Amino acid sequence: MEIGNLIRMANRIGDFFDAMPDRPEAIEGVANHIQKFWEPRMRVELLAFVERHPDGIDGDVRLSPIVLEAVKGNRERLTPRAAAH
């Protein structure tokens, strides 16, 4: 999947949870959603993007702050088991 599309999808998830008043709960919601509903290869691509761009920015492609925080704080749990070895 094209990384721009993945970032847009992740940011939509972030927009939903960003409206929550409890920031830690919102960050957990983002990480939980990505872990449960994204295919392993999608998670691998997102994690690789954050690895290459720790600020979440690559030109016009920008990961929202809440998604960036959720991914960085939950890297291990978002890494698919097969990719963890």
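Hey, among the residues in the stretch 29-57 that are acidic (Asp, Glu) and without any contact (Cβ under 8 Å) to a residue 40 or more places away in the chain, which one's most open to solvent (accessible area, probe 1.4 Å)?
GLU51
If I filter the stretch 13-22 down to residues being surrounded by 12 or more Cβ atoms within 10 Å (Cβ to Cβ) and without any contact (Cβ under 8 Å) to a residue 40 or more places away in the chain, which single residue comes out as farthest from the chain's Cα centre (by Cα)?
MET20
Any residue in the stretch 60-81 that's closer than 21 Å to MET20 by Cα and among the acidic types (Asp, Glu): show its pairings with residues that are part of a helix (DSSP H, G or I) and open to solvent by 70 Å² or more (accessible area, probe 1.4 Å) at Cβ separation under 8 Å, as long as the two are six or more apart or on different chains.
As it stands, the answer is none, since no pair meets every condition given.
Examine the stretch 52-60 for a residue that is in a helix (DSSP H, G or I) and closer than 19 Å to PRO80 by Cα, and state whether such a residue exists.
Yes; the residues of the stretch 52-60 include at least one that is in a helix (DSSP H, G or I) and closer than 19 Å to PRO80 by Cα.
The values are calculated or read from the model by the stated rules, or taken from the named source; none is laboratory data. Please read all numbers here as calculations on a predicted model, not as lab measurements. A quick note on method: Cβ atoms are made from the backbone with ideal geometry, for glycine too, and the neighbour counts reach across all protein chains shown. When the accessible area is computed, the model is the full protein with side chains, heavy atoms only, and any ligands, DNA or RNA have been set aside. Shrake-Rupley method; radii C 1.70, N 1.55, O 1.52, S 1.80 Å.
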